[in-house]
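Here the structure is laid out as structure tokens; the discussion comes afterwards.
The values are calculated or read from the model by the stated rules, or taken from the named source; none is laboratory data. All values reported here derive from a predicted model rather than from experimental measurement. No Cβ is skipped: glycine too gets one built from the backbone with ideal geometry, and neighbour counts run over all protein chains shown.
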Amino acid sequence: MNDKIEVADIHLRQPTVADGAGMWRVVKESGVLDLNSSYLYLLMARDFARTCVVAEHAGDIVGFVTGYRRPDRPEAAFLWQVGVLARAQGLGLGKRLVAAFLRAPGCQGATVLETTITPDNAASRALFRAIARDLGTGCEVGPCFRAADFPEAGHEDEELFEIGPYSPENLQTLTY
């Protein structure tokens, strides 16, 4: 397999069930994201494909984003995970995936982007602040889940990032 990846060779699209295993592998190989059951990624690819995006290179999944619309807050699109393999990092793929998520069919009509980020994840914090800046809107950070809420020891707090409001016109400014 060629380790060299060119941006032009990465195709973004909605996932299918066949992509669930690749999404799980991206998380496992990243070593930094919470690795959930492979079954969950299959469900996301099947039941939430309209709010998920995969990045494919030469038939392999090299990145993805998962999310959903909040049932109790339909104006909010919640982005759950962004994963990019090490060999595809440094190409702006994270930003491209977030932009594709916001434009995904299941996110149409949303005006707020939500995600949670741990306090020590400087890269994700910078990514989402840049997205807010590029959308020309605010980024509010507040509590969401405390470390004590998690059943396993060692999980950090998860802070809620709320970006918005934004409009369809704002989404057009995301040209990456």
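One line per residue, one yes/no per condition, for (1) among the basic types (Lys, Arg); (2) touching a residue at least 24 places away in the same chain (Cβ under 8 Å); (3) farther than 20 Å from THR118 by Cβ; (4) surrounded by fewer than 16 Cβ atoms within 10 Å (Cβ to Cβ):
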position: LYS4; (1), (2), (3), (4): yes, no, yes, yes
position: ILE10; (1), (2), (3), (4): no, yes, yes, no
position: GLN14; (1), (2), (3), (4): no, yes, yes, no
position: TRP24; (1), (2), (3), (4): no, no, yes, no
position: ASP34; (1), (2), (3), (4): no, yes, no, yes
position: ALA58; (1), (2), (3), (4): no, yes, yes, yes
position: PRO74; (1), (2), (3), (4): no, yes, yes, yes
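Right, GLN89: among the polar types (S, T, N, Q) and closer than 18 Å to VAL7 by Cβ or not? In short, yes.
Taking the criterion of being modelled with pLDDT of 95 or more and among the aliphatic types (A, V, I, L, M), the residues of segment 94-125 that qualify are LEU97, VAL98, ALA99, ALA100, LEU102, ALA104, ALA110, VAL112, LEU113, ILE117.
Residues are listed down the side, and each one gets a yes or a no for (1) more than 21 Å from ASP72 (Cα to Cα); (2) surrounded by fewer than 18 Cβ atoms within 10 Å (Cβ to Cβ):
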| site | (1), (2) |
| --- | --- |
| ALA100 | yes, no |
| CYS107 | no, no |
| ALA110 | no, no |
| GLU114 | no, no |
| ALA123 | yes, yes |
| ILE131 | yes, no |
| GLY138 | yes, yes |
| ALA147 | yes, yes |
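Just so you know, in segment 50-76 the residues that are in a loop (DSSP other than H, G, I, E, B) and more than 14 Å from the chain's Cα centre (by Cα) include one that is farthest from ASP19 (Cα to Cα), and it is ASP72. When the residues of segment 77-96 are filtered to those that are assigned to a strand (DSSP E or B) and touching a Leu at 6+ places or on another chain (Cβ under 7 Å), the one that is surrounded by the fewest Cβ atoms within 10 Å (Cβ to Cβ) is GLN81.
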